[in-house]
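Here the structure comes first, spelled out in structure tokens, and everything after it is commentary.
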Amino acid sequence: MNGDTPRTSRALVLDEFGTLPRLEEREVPAPRPGHTLVRLRAAQVSHLDLNIIDGAFGVLPELPFVPGTTGSGTVVASGTHPEGTLVSLRGADTGIRADGAWQEHILVPDDAVTPVPEGTDPAIACSYWSPVGTALAAVHTVGRVQEGERVLVTGAAGSVGAMAVQIAARAGAEVIGAVGRESKLAHVPGAAKPVLAGELSAETVGGPVDLVVDTVGGPVLRAALPLVRGRGRVALVGYTAGRELTVDLADFLLADVSLLPVNLMTRGDEVREEAQSLLPALNAGELTLSIERFGLERLPEAIDRLRRGELVGKPVLELP
């Protein structure tokens with residue numbers, strides 16, 4: 001640790017599940033072998049984080065606890081990573097069983113640290129993995145999109161949906177992006193034809209599609225299924241609009257459409273290298289990842305807007 005490192009720094013500390021973390025000063029962790037001390041620059045606020053602070057996740061930490069499952073910053077001290085290296089943080093129970101990224105300094109196992117290209121926006125470095133990795137898995141690994149195919153993406157203004165639109169378009173597909181609210185039509189990436197999910201039909205999407213990347217589930221998925229051509233595919237990513245789907249088995253068999261789950265936890269290794277290779281394109285704006293930025297003191301606002309579904313981009317806490 002260099003002489004410029006302070007003795008204390010700020011952290012958001014959770015004392016009771018179902019409440020919001022409070023901001024406090026904490027001792028900066030002392031370096032130790034096999035671990036890397038990082039000065040955080042940005043940390044994502046995700047639905048997984050909300051499940052943990054609500055006490056609704058299957059694995060819960062001992063309290064008091066600092067949430068935050070993903071973050072990015074610069075190395076302060078490490079036996080593995082050079083001081084000053086820009087890194088992203090995830091895994092090794094960070095933000096799940098062990099204190100997470102909603103703080104200015106964190107000590108994590110070396111294998112929870114991944115160097116990212118110098119000059120990358122820390123907010124991108126901490127938030128790209130889930131939308132980019134999931135979109136790559138949905139479009140390529142699971143959806144097997146081919147050049148010239150027609151792809152319908154639901155939730156196309158969300159972080160995963162918008163990235164799926166862009167990745168499908170880069171693969172040479174014709175893309176239609178469906179959103180649930182008229183106010184979100186303008187946030188569908190320009191590579192897609194925007195439509196309202198409540199108006200999905202063969203006419204509004206321009207005929208049968210080869211692949212649906214569904215990020216919302218529920219009635220939107222039900223409306224999208226009849227639009228898929230025979231032997232087409234549906235990559236199932238999320239269920240924010242509903243967790244249940246009822247189908248008539250006779251119709252389903254006749255349609256001959258494959259329903260394919262996308263689980264980034266099991267597919268991560270398959271897309272990790274390609275996702276990392278897209279960081280320069282993200283940083284240069286060739287691919288767009290929408291981010292809404294908040295200071296630590298604005299965490300309640302970030303959480304409230306995330307719960308209400310009002311955010312267009314990924315909410316990120318910035319720690320300048």
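Looking at (1) under 19 Å from THR5 (Cα atoms); (2) within 20 Å of the chain's Cα centre (by Cα); (3) surrounded by fewer than 16 Cβ atoms within 10 Å (Cβ to Cβ), which is the only condition GLU83 fails?
GLU83 satisfies every listed condition except (2).
List the strands (runs of 3 or more DSSP E) inside segment 250-320, counting only whole elements, that have at least 3 residues being within 18 Å of the chain's Cα centre (by Cα).
The strands (runs of 3 or more DSSP E) meeting that bar are 291-295, 314-318.
Take the residues in segment 5-20 that are touching a Pro at 6+ places or on another chain (Cβ under 6 Å) and either closer than 20 Å to ASP93 by Cα or assigned to a strand (DSSP E or B) (or both); name whichever of them is most open to solvent (accessible area, probe 1.4 Å).
ASP15
Taking only segment 104-114 into account, find how many residues are more than 20 Å from the chain's Cα centre (by Cα) and surrounded by fewer than 24 Cβ atoms within 10 Å (Cβ to Cβ).
Qualifying residue count, segment 104-114: 6.
For ALA101, indicate whether it is at pLDDT 95 or above, surrounded by 24 or more Cβ atoms within 10 Å (Cβ to Cβ) and not in a loop (DSSP other than H, G, I, E, B).
Judged against the criteria, ALA101 is not a match.
Against the condition farther than 27 Å from TYR239 by Cα, surrounded by fewer than 23 Cβ atoms within 10 Å (Cβ to Cβ) and at pLDDT 90 or above, how does GLU62 come out, does it pass?
yes
Looking at this structure, is LEU211 surrounded by 18 or more Cβ atoms within 10 Å (Cβ to Cβ), in contact with a strand residue (DSSP E or B) (Cβ under 8 Å, 6 or more places away or on another chain) and either at positive phi or in a strand (DSSP E or B) (or both)?
Spelling it out, LEU211 is indeed surrounded by 18 or more Cβ atoms within 10 Å (Cβ to Cβ), in contact with a strand residue (DSSP E or B) (Cβ under 8 Å, 6 or more places away or on another chain) and either at positive phi or in a strand (DSSP E or B) (or both).
When only residues in segment 26-48 that are modelled with pLDDT of 95 or more and among the charged types (D, E, K, R) count, which is surrounded by the most Cβ atoms within 10 Å (Cβ to Cβ)?
Taking the candidates together, the pick is ARG41.
Report yes if SER183 is over 30 Å from GLY91 (Cα atoms), without any contact (Cβ under 8 Å) to a residue 24 or more places away in the chain and polar (S, T, N, Q), otherwise no.
So SER183 passes the test.
Within segment 224-249, track down each residue that is assigned to a strand (DSSP E or B) and either touching a Ser or Thr at 6+ places or on another chain (Cβ under 7 Å) or within 15 Å of ALA138 (Cβ to Cβ) (or both).
If the condition is that a residue be assigned to a strand (DSSP E or B) and either touching a Ser or Thr at 6+ places or on another chain (Cβ under 7 Å) or within 15 Å of ALA138 (Cβ to Cβ) (or both), then VAL228, GLY232, ARG233, VAL234, ALA235, LEU236 are the ones that fit.
Would it be correct to say that SER78 is over 26 Å from the mean Cα position of the chain (by Cα), modelled with pLDDT under 95 and open to solvent by less than 20 Å² (accessible area, probe 1.4 Å)?
no
Which pairs do you get when a residue that is in contact (Cβ under 8 Å) with a residue 12 or more places away in the chain and in a loop (DSSP other than H, G, I, E, B), found in segment 64-90, comes within reach of a residue that is charged (D, E, K, R) and open to solvent by 10 Å² or more (accessible area, probe 1.4 Å), reach meaning Cβ atoms under 6 angstrom, with the pair 6+ apart or on two chains?
Sorted first by the residue in segment 64-90, then by its partner, the pairs are PRO64/ASP15; VAL66/ASP99; THR70/ARG90; THR80/ASP110.
Is one or more of the residues making up segment 191-205 surrounded by 24 or more Cβ atoms within 10 Å (Cβ to Cβ) and free of Cβ contacts under 8 Å to residues at least 40 places away in the same chain?
Checking segment 191-205: at least one residue is surrounded by 24 or more Cβ atoms within 10 Å (Cβ to Cβ) and free of Cβ contacts under 8 Å to residues at least 40 places away in the same chain.
Condition first: open to solvent by 30 Å² or more (accessible area, probe 1.4 Å) and within 30 Å of GLU25 (Cα to Cα). Can you find one or more residues in segment 266-288 that meet it?
For segment 266-288, residues open to solvent by 30 Å² or more (accessible area, probe 1.4 Å) and within 30 Å of GLU25 (Cα to Cα): absent.
Go through (1) on the phi > 0 side of the Ramachandran plot; (2) over 19 Å from the mean Cα position of the chain (by Cα) and name the single condition ARG170 misses.
The one condition ARG170 does not meet is (1).
The values are calculated or read from the model by the stated rules, or taken from the named source; none is laboratory data. Because the structure is predicted, anything quoted here is derived from the model rather than measured. Quick reminder, even Gly has a Cβ in these numbers, built from the backbone with ideal geometry, and neighbours come from all protein chains shown. To get the accessible areas, we keep the full protein, side chains included, count just its heavy atoms, and leave off ligands, DNA and RNA. Shrake-Rupley method; radii C 1.70, N 1.55, O 1.52, S 1.80 Å.
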